[in-house]
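Student: Dumping the structure here so I can ask a few things about it.
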Amino acid sequence: MINWADYLKQGLIKVQAPNLRQIEKQILRAEKDLKTFHLVEKDDPEWASAIAYQAMLRMGRALLFSYGYLPAERQQHKTVVEITGKILGSEFSLVIKHFDRLRKKRNVFFYDSEDAKNFTEAKKAIVVAEELLTEIKGKIKTINPQQEFRF
């Protein structure tokens, strides 16, 4: 169970009325990111993993938006990963652990320019991202059953 008040008190999230268009834009862009992943995975697996992570982040943001919250300025990525895990529950704990691992590796990749040519990790990243996309889309549709989305 999520204690939204704790996140609000810590300044990690803000209240925002759910904006269905904003939610849809995040999901559609995440889907496009996953297509882009396949264009670069063979030449640059680290960049491909970063793209898969970015898609997962967009999905998590869409999920938070659907509950009427917006990540605040500090620790946005970490907050999105953590809340996404709490919403999806323990059956998705491995997916969320991988999501968080990609978050950390993305920072190393962006700020330290590490390039390990890890094709195995890239393949795992896309599998996890696609699983997360499916689950989050379903969750959002249950939260807003009367709304028709293009995704």
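Student: Of K32/K139; K78/K105; K25/K137, which ones are farther than 18 Å apart at the Cα?
Tutor: Details: K32/K139 20 Å; K78/K105 13 Å; K25/K137 12 Å.
Correct reply: K32/K139.
Student: Something else now. Quick check for me: using +1 on Lys/Arg Cβ and -1 on Asp/Glu Cβ, what's the dipole size of the chain about its Cα centre, in debye to the nearest 20? Let's see the in-between values first.
Tutor: Details: 26 positive and 20 negative charges, 81 e Å.
For this selection, approximately 380 debye.
Student: Note down the accessible area of I126, probe 1.4 Å, to the nearest 10 Å².
Tutor: Result for I126: roughly 10 Å² accessible.
Student: Hey, another quick one. For the chain, what does the equivalent ellipsoid look like in terms of its semi-axes, each the square root of 5 times an eigenvalue of the Cα gyration tensor, given largest first in whole Å?
Tutor: Each semi-axis is √(5λ); the values are 26, 18, 13 Å.
Student: Moving on. Please list 52-59, 101-108, 63-70, 39-46 highest first by mean number of surrounding beta-carbon atoms within 10 Å per residue.
Tutor: Sorting 52-59, 101-108, 63-70, 39-46 by mean packing, highest first, produces 52-59, 63-70, 101-108, 39-46.
Student: Using a 1.4 Å probe on the protein heavy atoms, what percent of the accessible area of the range 1-74 belongs to carbon and sulfur?
Tutor: Details: 1970 of 3680 Å².
Here carbon and sulfur together make up 54 percent of the probe-accessible area.
Student: How much length, in nm to one decimal, is gained on full extension between K25 and H38, taken as 0.36 nm per residue of separation minus their Cα-Cα distance?
Tutor: Length gained between K25 and H38: 2.6 nm.
Student: Along the charge dipole of the range 49-141, Cβ charges K/R +1 and D/E -1, which of A72, V108, A50 sits furthest on the positive end?
Tutor: A72
Student: Give me the accessible area per residue for the chain, probe 1.4 Å, as a whole number in Å².
Tutor: Per residue, the chain has 55 Å² of solvent-accessible surface.
Student: So, one more: Rank these by accessible area, largest first, 1.4 Å probe: H38, H77. Could you put the intermediate results ahead of the total?
Tutor: Details: H38 90, H77 55 Å².
The residues order as H38, H77, largest area first.
Student: Report, in cubic angstrom per residue, the convex hull volume of the C-alpha atoms of the range 1-88.
Tutor: 87
Student: In addition: Protein chains only, probe 1.4 Å: how do I136, I143 rank by accessible area, largest first?
Tutor: On the way: I136 0, I143 55 Å².
The ranking, largest first, comes out as I143, I136.
Student: In addition: Could you work out how far helix 20-40 tilts from the main Cα principal axis of the chain, as a 0 to 90 degree angle to the nearest 10?
Tutor: 10
The values are calculated or read from the model by the stated rules, or taken from the named source; none is laboratory data. The structure presented is a predicted model; accordingly, all values stated were derived computationally and were not measured. Positions of Cβ are generated from backbone atoms using ideal geometry, with glycine treated the same way; all protein chains shown enter the neighbour counts. Surface areas here come from the heavy atoms of the whole protein model, side chains and all, with no ligands, DNA or RNA. Shrake-Rupley method; radii C 1.70, N 1.55, O 1.52, S 1.80 Å.
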